[in-house]
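A.B. asks: I am attaching a structure below and will ask some questions about it afterwards.
The values are calculated or read from the model by the stated rules, or taken from the named source; none is laboratory data. This one's a predicted model, so the numbers in the text were calculated from it and none came from an experiment. Ideal geometry is used to build each Cβ from the backbone, glycine not excepted, and the neighbour counts take in all protein chains shown.
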């Protein structure tokens with residue numbers, strides 16, 4: 001059977017990984033379209049028709065033609081259509097959403113950018129990087145404290161909040177953030193990595209397009 | 001009748017304004033609790049029990065005891081419980097959510113921070129501020145281009161995406177961003193400002209707590 005979803009992204013992109021991880025944990029195989037950002041492929045009219053923001057990832061639901069943007073919004077959609085990882089109750093779903101907005105607000109930007117600088121994708125003034133580093137550390141401290149006594153971010157089971165946040169924190173060491181002082185985060189990451197369907201970015205994101213034969 | 005909602009925030013906070021504007025446009029009167037950030041009131045155990053992130057705003061739904069955090073997540077909740085401004089269809093709701101995550105990702109941080117610097121609430125290195133300014137201008141350009149030929153951000157009617165984005169763009173001039181070159185944004189703002197229940201931050205956010213007698 002042909003996959004239901006087609007993911008457009010790039011293997012080095014944290015937000016693309018969030019969606020690939022969500023799909024894989026939901027047991028959804030997916031077609032994959034490599035978007036070479038260096039060639040400006042995300043700013044072409046064809047790509048902008050998929051994602052008006054000109055950002056990766058984009059997800060197509062081939063069962064109904066929907067085109068989806070923004071990793072956290074895509075995870076909410078996946079939770080809705082698969083019935084997985086959406087939280088066990090309305091209250092849990094509300095908490096899940098709060099954590100995903102908090103991620104966008106406080107965590108993802110500084111960690112992804114510090115990683116970009118460390119890998120040489122991004123250049124920035126030293127004071128700018130120092131600001132990101134301080135923000136990233138502060139956000140990691142909030143998450144670490146929250147995870148004390150908890151197995152997952154919301155409720156008793158993994159949710160899209162875990163998937164979303166893991167898709168940032170996975171890159172923290174590459175951005176120069178040590179997780180040695182964040183024992184709750186380290187244990188939580190091990191729990192995510194033990195879930196059926198878990199894969200690293202290298203395992204889940206091809207470096208070239210992949211379509212079902 | 002006592003109001004259903006109690007908003008906790010501070011009159012100078014853009015995210016607090018987003019929620020106050022949403023409540024007002026929904027026709028919901030609300031009790032208001034002033035949170036003096038300079039005194040660290042958002043880091044007290046009592047406030048952290050309302051909002052685990054230690055950020056304003058927080059919203060209490062007094063009808064069921066729910067405590068809600070993150071302005072965009074609160075706007076989603078308001079849309080759900082009032083049946084207003086949530087989009088006319090599932091597809092519109094998906095678009096609305098994408099725009100709110102995009103706001104958190106690209107627009108709100110640079111604009112709020114440039115305003116904070118301009119007002120003297122925040123100090124930052126010149127290179128840091130230049131980075132925020134460039135990001136804010138880029139995001140405003142995306143929004144302006146999107147609004148060409150559209151009355152509202154998603155669909156034919158105002159939604160929580162408009163409320164959320166307006167609650168940032170309203171502060172752009174105070175942050176030193178000129179909207180003269182953003183004619184679509186300027187016309188869209190006038191449309192929001194003409195909605196029944198619209199109020200400025202000064203009109204909607206008291207400088208002290210306010211409870212129903």
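A.B. asks: Going by the conditions given, is residue B:68 under 16 Å from the mean Cα position of the chain (by Cα), within 14 Å of another protein chain (Cβ to nearest Cβ) and within 25 Å of residue B:212 (Cβ to Cβ)?
C.D. replies: It is true that residue B:68 is under 16 Å from the mean Cα position of the chain (by Cα), within 14 Å of another protein chain (Cβ to nearest Cβ) and within 25 Å of residue B:212 (Cβ to Cβ).
A.B. asks: In addition: Consider residue A:41 carefully, then state whether it is within 13 Å of the chain's Cα centre (by Cα) and either closer than 24 Å to residue A:3 by Cβ or within 14 Å of chain B (Cβ to nearest Cβ) (or both).
C.D. replies: In short, no.
A.B. asks: Further, regarding this structure: Kindly provide the set of residues from region B:79-94 that are part of a helix (DSSP H, G or I) and either surrounded by fewer than 21 Cβ atoms within 10 Å (Cβ to Cβ) or more than 9 Å from chain A (Cβ to nearest Cβ) (or both), ordered by number.
C.D. replies: Result: B:79, B:80, B:81, B:82, B:90, B:91, B:92, B:93.
A.B. asks: Now, a different point. Yes or no: region A:100-118 includes at least one residue that is in the same structural domain as residue A:169 (by TED's automatic domain parsing) and either farther than 26 Å from residue A:192 by Cβ or surrounded by fewer than 17 Cβ atoms within 10 Å (Cβ to Cβ) (or both).
C.D. replies: yes
A.B. asks: Residue B:102: under 19 Å from the mean Cα position of the chain (by Cα), within 14 Å of chain A (Cβ to nearest Cβ) and either in a helix (DSSP H, G or I) or closer than 28 Å to residue A:129 by Cβ (or both), yes or no?
C.D. replies: So residue B:102 passes the test.
A.B. asks: Hey, which of the helices (runs of 4 or more DSSP H) in region B:122-200, taking only ones fully inside, have at least 3 residues that are within 14 Å of chain A (Cβ to nearest Cβ) and crowded, with 21+ Cβ neighbours inside 10 Å?
C.D. replies: Result: B:126-147, B:160-169.
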